[in-house]
Amino acid sequence: MYEIPSKSMEAELFEGDNILMCKLNYGPKLPSSPSEVSWFNMFYAPAALSKTVWWRNTRLRGFSTIKHGDVVVFRSVLPDKMILIKRCAGLPGDRLILEGGKLAINGLFIKPPATVLNTYRVWSRENAEVFAIAKKAGFTITKVDNNIYELSANAAVAKVFQLSRFVDSIKIHSAIPEAFPWHPLFKWSATDFGPVLIPFEGMRVDLDAHNYALYRNVINDFEGGNILFKAGRFYTGKKVVTSYVFKQNYYFMLGDNRNSSQDSRFWGFLPEQNIQGKAVCMVYSYTNHFNWRRFLKPL
């Protein structure tokens, strides 16, 4: 059981929803330190122990593999190590790009699930008509400036606005101008990101300024590469290195509520070792009342 902690997966999952996670789908991950051993960590789990990896990451064979669109539960790569839930947008070896908020994988644009919400800016000189369209679709629209409106909606509703003769223009909007890898070489944002090649086990990259900026946290933080750049060269210890081979697979995660999600656009690639399991079923949803329509709803 896992309780949804935020609004990042609306409109698929809502804050406070309780879902069932299955670790067998992708294969259960074996403990990498004594602090991850159930029962033992209840009696002996000093803070220093929880930050130490004692054994190599090992995962037993599951009965399925991660697929595009799977809703995945994983441990955050950030220092807080929170358990998060997002939708898998990119697999190891995929070439991923976001153009104007639209996702493309290996050169093909992907039709988003109906639950994916983006923030749209709408330009129109017909105030009453714009509010009427939003009301009919069941969404709230806000006026932000003269002839400019904003709403959070799915692609189908955005299409209705786009086809309306009362709308001059509509496009996905983000208030966040920067994104991973937070480096001057990359002018990426939450809506215009990539292209980027998602690392896979055995993938070799040449070490140059571009690749080092993009993959440095993966190489050094998740794989123990300890590669440093000094005086125009890359070193591991005292040895000069010119390339690197990745040791494990990585994934790219996105929240369905694109403008309210801290995901791979901001913290980068998710290592396979952090994956906990697949979200398979909504168990129950309760806010001010029990929502029977979402009881045992499959995901």
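Residues in the stretch 1-26 that are at pLDDT below 75 and either more than 13 Å from ASP256 (Cβ to Cβ) or surrounded by fewer than 16 Cβ atoms within 10 Å (Cβ to Cβ) (or both): MET1, TYR2, GLU3, PRO5, GLU15, GLY16. Quick one: would you say THR142 is open to solvent by 50 Å² or more (accessible area, probe 1.4 Å) and either among the polar types (S, T, N, Q) or within 15 Å of the chain's Cα centre (by Cα) (or both)? It is true that THR142 is open to solvent by 50 Å² or more (accessible area, probe 1.4 Å) and either among the polar types (S, T, N, Q) or within 15 Å of the chain's Cα centre (by Cα) (or both). Checking each residue in the stretch 245-264 for being open to solvent by 10 Å² or more (accessible area, probe 1.4 Å) and either part of a helix (DSSP H, G or I) or within 14 Å of LEU84 (Cβ to Cβ) (or both) picks out TYR251, ASN257, ARG258, ASN259, SER260, GLN262.
Set side by side, the residues LEU197, LEU214, LEU151, LEU207 differ, and just one is at pLDDT 90 or above and either touching a helix residue (DSSP H, G or I) at 6+ places or on another chain (Cβ under 8 Å) or among the β-branched types (Val, Ile, Thr) (or both), which is LEU151. Within the set of pairs 6 or more residues apart or between chains, which connect a residue that is at negative phi and of a type in the set (S, T, N, Q) inside the stretch 249-262 to a residue that is surrounded by fewer than 24 Cβ atoms within 10 Å (Cβ to Cβ) and in a helix (DSSP H, G or I) with Cβ atoms less than 8 Å apart? Short answer, once both residue conditions are applied: ASN249/GLU272. Selection of the stretch 196-233 for residues being open to solvent by less than 80 Å² (accessible area, probe 1.4 Å) and in a loop (DSSP other than H, G, I, E, B) yields ILE198, PRO199, PHE200, GLY202, MET203, LEU207, ASP208, GLU223, GLY224, GLY225, GLY232. Only a single criterion out of (1) surrounded by fewer than 20 Cβ atoms within 10 Å (Cβ to Cβ); (2) at pLDDT 90 or above; (3) assigned to a loop (DSSP other than H, G, I, E, B) is not satisfied by ILE176, namely (2). Remark: pairs (first residue in the stretch 208-233, under 17 Å from LEU185 (Cα atoms); second residue assigned to a loop (DSSP other than H, G, I, E, B) and open to solvent by 30 Å² or more (accessible area, probe 1.4 Å); Cβ separation under 7 Å; 6+ apart in sequence or on different chains) = ALA209/LEU185; HIS210/LEU185; ALA213/HIS183; ALA213/LEU185. So is ILE83 at pLDDT below 90 and open to solvent by less than 70 Å² (accessible area, probe 1.4 Å) or not? When the stated conditions are applied, ILE83 passes them.
The values are calculated or read from the model by the stated rules, or taken from the named source; none is laboratory data. Bear in mind the structure is a predicted one, so any value in this text is a computation, not a measurement. Cβ: placed from backbone, ideal geometry, glycine included. Neighbour counts: every protein chain shown. Just the protein is used for accessible areas: all its heavy atoms, side chains included, with ligands, DNA and RNA removed. Shrake-Rupley method; radii C 1.70, N 1.55, O 1.52, S 1.80 Å.
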